[in-house]
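Undergrad: The structure that follows is given in the form of structure tokens.
The values are calculated or read from the model by the stated rules, or taken from the named source; none is laboratory data. Keep in mind it's a predicted model, so treat the numbers as computed, not measured. Positions of Cβ are generated from backbone atoms using ideal geometry, with glycine treated the same way; all protein chains shown enter the neighbour counts. Surface accessibility is based on the protein's heavy atoms, side chains included, excluding ligands, DNA and RNA. Shrake-Rupley method; radii C 1.70, N 1.55, O 1.52, S 1.80 Å.
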Amino acid sequence: MDLALVWFLIIAFFWLGYLFLEGFDFGVGILLPVLGRDDTDRRVMVNTIGPVWDGNEVWLIVAVGATFAAFPGWYAT
């Protein structure tokens, strides 16, 4: 297994972690107009993603940082 494949697997893991966990936030946002009939329903839906919202963004930051660390030529361009 060469170094490029190892970096690809690490970066793919970070991106998949972001997409799976962020999908929860996107799903709530998409369903908000449909299921959020009044202000109380909307607040309940938004409060369900409140504790994990910022944690999901960390996956994105790490994935981008790992991409630039593994492939500095991309960062240079």
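The rows are residues; the columns are (1) among the polar types (S, T, N, Q); (2) open to solvent by less than 50 Å² (accessible area, probe 1.4 Å); (3) not in a helix (DSSP H, G or I).
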| site | (1), (2), (3) |
| --- | --- |
| 37 | no, no, yes |
| 45 | no, yes, no |
| 48 | yes, no, no |
| 56 | yes, yes, no |
| 61 | no, no, no |
| 65 | no, yes, no |
| 73 | no, yes, no |
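Undergrad: Follow-up. Considering 17, 23, which residue is open to solvent by less than 70 Å² (accessible area, probe 1.4 Å), among the small types (Gly, Ala, Ser) and in contact (Cβ under 8 Å) with a residue 40 or more places away in the chain?
TA: Working: 23 fails: in contact (Cβ under 8 Å) with a residue 40 or more places away in the chain.
From the options 17, 23, the qualifying one is 17.
Undergrad: Just one of (1) in a loop (DSSP other than H, G, I, E, B); (2) in contact with a Ser or Thr (Cβ under 8 Å, 6 or more places away or on another chain) trips up residue 28, so point out which.
TA: It fails just one condition, (1).
Undergrad: Return yes when residue 53 is in contact with an Asp or Glu (Cβ under 8 Å, 6 or more places away or on another chain) and closer than 21 Å to residue 6 by Cβ and no when it is not.
TA: no
Undergrad: Another one. Take the stretch 1-56 and flag every residue that is in contact with a Leu (Cβ under 7 Å, 6 or more places away or on another chain) and under 29 Å from residue 72 (Cα atoms).
TA: 18, 56
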